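Engineer: Take a look at the following structure, please.
The values are calculated or read from the model by the stated rules, or taken from the named source; none is laboratory data. All values reported here derive from a predicted model rather than from experimental measurement. Methodologically, a virtual Cβ is constructed for each residue, glycine included, from the backbone with ideal geometry; neighbour enumeration extends over all protein chains shown. Protein only, heavy atoms only, side chains kept; ligands, DNA and RNA dropped before computing areas. Shrake-Rupley method; radii C 1.70, N 1.55, O 1.52, S 1.80 Å.
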Amino acid sequence: MTIVIETKDLCRYFGDSEETMVKAADHVNIEIEKGEFTAIIGPSGSGKTTVLHLMGGLDNPTSGEVELSGKNIAKMSGGELCDLRRDHIGFIFQSYNLIPVLSAEENIEYIMLLQGVKTSERKKRVKEMLALVGLSGLENRRPGKLSGGQQQRVAIARAMASRPDIILADEPTANLDSKTGIALLDVMKELNEAHDMTFVFSTHDEKIMSRASRLIHMRDGKVELDERK
Amino acid sequence: MLLIKLAFRNIFRQRRRSLLTALSLTGGYVLSVFSISMQDGSYANAIAFFTEDHSGHVQIHKDDYLDRAKIHKTIDNPNAIATILDKHPSIASYTTRVFAPALSYSDDGNTPVQLIGVDVLREKQTSRLYQKITDGNYFADSPNDDGYFSAMIGAGVANSLEVGLGDELILISQGADGSIANDIFIVSAIVGENNSPDKNTVFLPLSGAQSFLTMYGKVHQFSILLTDISDAREVATELQSSIPSLSVAPWQVVESSFYKTMQADREGNLVMLVIIGIIVFIGVLNTVLMSVLERSREFGVLKAMGSRPSKIVSMITLEVTMLSAMSIVLGLALAIPLTYWFSTAGIELPEPVDVGGIKMSRMTGLLTPTVFIIPMIGIFFAAIVVSIFPGLRAANVTPTAAMRSH
Ligand SMILES: Nc1ncnc2c1ncn2[C@@H]1O[C@H](COP(=O)(O)OP(=O)(O)OP(=O)(O)O)[C@@H](O)[C@H]1O
Ligand SMILES: [Mg+2]
């Protein structure tokens, strides 16, 4: 099995003094294999967001390492991390993922523009991705004219369009009602199965986490339990 | 294309705010164009006035005659110079002159005068002397039957000596050879009014002046009119190299005190424009900063997606530049007709104003591309400068912080 992301004794502490210091990630060791569909779960403040951000090169760790496809990204400069995120990582956030003045289609196109993908290829992929997430026909709508679930699907399509090694999603369903949330997760699951895309997402929702093939339980910045189904 | 669209839509996101910003830029632009047009226009008028009145666009003298006029600093071979000037394509006309101080007498008194001997035919084409005659006739080149040359005298001389047309005028001066020059001249015309700059001048036909001052065949000055005044410096340099033994000067040197006043005044105007610009751009800065702060989550997403900070700065710069471009288009639509009207009709002044020593009673603007382009460059330059600070703010958004602030 190929390992996409591996964290080694990953720590992220907030605050300067001993008393006020928060250990948001505390010696976290996780290996994510290609094609896995992993949920990070745990109570609020347990460090889910922190770990996802560290894995995706959005944040630098206090200590420890993050290896993405064998490369240690923990010590990369801001510019290197930028390029890394652009070419290897897809992010989906809880909300406000999209640029409000760009249409669904243009939101997806934008990241490929950053990657320097040719116009014709961009147009082709946009169509493909919108079809994958079941949004064909809505390509010209702006985010404001899309439902929350549709917006999240555009965010997934955008992440997929950049052809990343992994998609990291921080509570992608938290702002959706449970039916829409489950439907969104089904889209992700389908992409995972049909396209072998690796997903790591965090959630509080029991129904959502039940869809995952692997559950990483966190508490106080530590991995409490790591179970594969 | 997508980037342009993005910038364009971001501008139209806050319509009212962008409109107000654009209008203040447009206002600043139109104001700048108008003030440059007005200033350059009034100077162009003043310059046209004195160059066409008497100075010409380029002058030739012997040595430093321009700074220290001495009767013996003469151009001894005017015909050779004339041959060179005749061949130059940029020269419209030229004339030669001699100068000397003199005392004038009549039965009723005496007064010091400035004596100018002019080439009767060429002077008519090169200066406004002919048009300035208020009474009498332009003089002839040759003496009358009694051997007397005619003279045209400033109104001030006519008044203080109480002489009129046809009267005798006695001039006393020193010849170039040091001898005492004195002779009788017949008044043929009165030049100008009592308050004109020529009021104490006596004009003589060139040959009359030369024989009076015993400087046969020699002159003190060539005054040259060009087809285009803006070539003055260039033509002067060219002529200087073909006539190394003499001093060739463009009007900027000939009228150096006027020119210096004008340049200083222009600098003052520039300072004023820069101040207007700063006021306008503080407003723009405020707007851009506001819009950047409102959108910080978006910049967080863009950075999470892998946009380099420089990309984000250039995105903001593009927005401000496009807003400026739209303002300038609107500004041009207003400024072009306004400046056109101002340069053709102009404004009648209730009282004449003094422009570098020349009285102007009507103010007209200048209509040249420069008038529009200079403020344009200023606005674009300032727009880029103004967008840098908010751009850096946007580029420094940390995606983690932006994404956590739900
Ligand atoms: N920038 C920060 N400064 C200080 N403390 C922080 C910062 N970011 C996170 N923390 C703290 O780190 C801990 C872990 O936060 P994190 O957001 O990773 O938890 P989470 O599991 O994602 O919680 P939730 O389920 O509420 O999203 C929390 O105690 C939080 O208060
Ligand atoms: Mg979280």
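Engineer: Enumerate the calculated ³J(HN,Hα) couplings along segment B:232-238 in order (Karplus 6.51 cos²θ - 1.76 cosθ + 1.60, θ = phi - 60°), each rounded to whole Hz, writing x wherever the residue is Gly or Pro.
Structural biologist: Karplus-based 3J(HN,Hα) across segment B:232-238 equals 3, 4, 5, 5, 4, 5, 4 Hz.
Engineer: Quick one: go through segment B:22-45 and flag any residue whose amide nitrogen is under 19 Å from the point 7 Å out along the Cα-to-Cβ line of B:Phe380.
Structural biologist: Under 19 Å, as judged by backbone N against the label point of B:Phe380, lie B:22, B:25-34 of segment B:22-45.
Engineer: Separate question: I need the peptides B:192-198, B:39-45, A:42-48 ranked by packing, meaning the mean over residues of other C-beta atoms within 10 angstrom, with the highest value on top. Please list the in-between numbers first.
Structural biologist: Values: B:192-198: 14.7, B:39-45: 20.7, A:42-48: 18.3.
So the peptides B:192-198, B:39-45, A:42-48, ranked by packing, come out B:39-45, A:42-48, B:192-198.
Engineer: What fraction of the DSSP beta bridges in segment A:3-228 is antiparallel, stated in percent and rounded to the nearest 5? Please list the in-between numbers first.
Structural biologist: Values: 21 of 39 bridges.
Expressed as a percentage, antiparallel bridges in segment A:3-228 total about 55.
Engineer: If I model segment A:3-228 as equal point scatterers sitting on the Cα atoms and use the Debye formula, what is log10 I(q)/I(0) at q = 0.08, 0.09, 0.15 Å⁻¹?
Structural biologist: Relative scattering, expressed as log10 I(q)/I(0), comes to -0.28, -0.35, -0.98.
Engineer: Taking a quarter of the surface of the convex hull around the Cα atoms of the protein assembly as shown, what do you get in nm²? All intermediate terms of the calculation are to be shown ahead of the outcome.
Structural biologist: On the way: hull surface 167.5 nm².
For the Cα atoms of the protein assembly as shown, the hull's average projected area reads 41.9 nm².
Engineer: Towards the positive end of the charge dipole of chain B, with charges on Cβ (+1 Lys, Arg; -1 Asp, Glu), say which of B:Gly277, B:Ile60, B:Thr126 has the farthest Cα.
Structural biologist: Selected residue: B:Gly277.
Engineer: Using a probe of 1.4 angstrom, how much of the accessible area of segment A:3-228 is carbon and sulfur, in percent? Walk me through the numbers on the way to the answer.
Structural biologist: Working: 4320 of 9280 Å².
Result for segment A:3-228: 46 percent of the exposed heavy-atom area is carbon or sulfur.
Engineer: Return the calculated 222 nm mean residue ellipticity for chain B, to the nearest 500 deg cm²/dmol, obtained by summing -39500 (n - 2.57) across DSSP H runs with n ≥ 4 and dividing by the residue count.
Structural biologist: -17500 deg cm²/dmol
Engineer: Leaving out ligands and nucleic acids, note down the accessible area per residue over segment B:16-92 with a 1.4 angstrom probe, in whole Å². Let's see the in-between values first.
Structural biologist: Details: 3490 Å² over 77 residues.
The answer is 45 Å² per residue.
Engineer: If you take every DSSP beta bridge fully contained in the protein assembly as shown, what fraction is antiparallel? Give it as a percent rounded to 5. Walk me through the numbers before you get to the answer.
Structural biologist: On the way: 65 of 94 bridges.
Among the beta bridges of the protein assembly as shown, antiparallel pairing accounts for roughly 70 percent.
Engineer: Please work out the average accessible area per residue across segment A:123-164, using the 1.4 Å probe convention, and give it in Å². Don't jump to the answer; show the numbers that get you there.
Structural biologist: On the way: 1860 Å² over 42 residues.
On a per-residue basis, 44 Å².
Engineer: Could I ask something else about it? Would you calculate the convex hull of the Cα atoms in segment B:70-219 and tell me its volume per residue in Å³? Please report the intermediate quantities before stating the final value.
Structural biologist: Numbers: hull volume 16.7 nm³, N = 150.
That works out to 111 Å³ per residue.
Engineer: Let me ask something else about it. Please compute the average number of Cβ atoms from other chains found within 10 Å of each residue's Cβ in peptide A:81-94. The partial results should precede the final answer.
Structural biologist: On the way: counts 2, 9, 2, 1, 6, 5, 1, 1, 3, 2, 6, 1, 9, 3.
Taking all residues of A:81-94 together, the mean is 4.
Engineer: Something else about it: Within 10 Å of each Cβ of B:293-306, how many other protein chain Cβ atoms are there on average? Walk me through the intermediate numbers first.
Structural biologist: Numbers: counts 0, 0, 3, 0, 4, 6, 0, 3, 9, 4, 5, 14, 16, 16.
Mean number of neighbouring Cβ atoms from other chains: 6.
Engineer: Right, something else. Can you give me the Cα centroid spacing of segment B:312-336 and segment B:377-398 in angstrom?
Structural biologist: Each part's Cα centre sits 13 Å from the other's.
Engineer: Another question about this same structure. When the accessible area of segment B:70-219 is computed with all protein chains present and a 1.4 Å probe, what percentage of it is carbon and sulfur?
Structural biologist: On the way: 3330 of 6980 Å².
Ligands and nucleic acids excluded, carbon and sulfur give 48 percent.
Engineer: Something else: Keeping every protein chain in place, order B:Lys311, A:Lys229 by accessible area at 1.4 Å, biggest value first, i.e. largest first.
Structural biologist: Details: B:Lys311 80, A:Lys229 150 Å².
Order by accessible area, largest first: A:Lys229, B:Lys311.
Engineer: Only sites in a loop by DSSP and with at most 11 other Cβ atoms within 10 Å count here; which GluC sites (Glu not before Pro) in segment A:1-67 make the cut? Provide the component values of the computation, followed by the final result.
Structural biologist: Working: sites: A:Glu6, A:Glu18, A:Glu19, A:Glu31, A:Glu33, A:Glu36, A:Glu65, A:Glu67; in loops: A:Glu18, A:Glu19, A:Glu36.
Passing both the DSSP loop test and the Cβ count: A:Glu18, A:Glu19.
Engineer: For segment B:250-292, which whole percent of the accessible surface, found with a 1.4 angstrom probe, sits on carbon and sulfur atoms?
Structural biologist: Values: 1660 of 2350 Å².
Roughly 71 percent of what the probe reaches on segment B:250-292 is carbon or sulfur.
Engineer: Could you tell me the center-to-center distance, by alpha carbons, between segment A:120-183 and segment B:175-195 in angstrom?
Structural biologist: Centre-to-centre distance over Cα atoms comes out at 98 Å.
Engineer: From the phi angles alone, apply the Karplus equation (6.51, -1.76, 1.60; θ = phi - 60°) to segment A:124-133 and give each ³J(HN,Hα) in whole Hz, x where the residue is Gly or Pro.
Structural biologist: 3J(HN,Hα) across segment A:124-133, in whole Hz: 5, 5, 4, 4, 4, 5, 5, 5, 4, 8.
Engineer: Report the B-A buried area as the accessible area lost on both sides summed, probe 1.4 Å, in Å² to the nearest 100. Don't skip to the answer; put the middle values down first.
Structural biologist: Details: alone 20600 and 10920 Å², together 28960 Å².
Summing both chains' loss of accessible area gives about 2600 Å².
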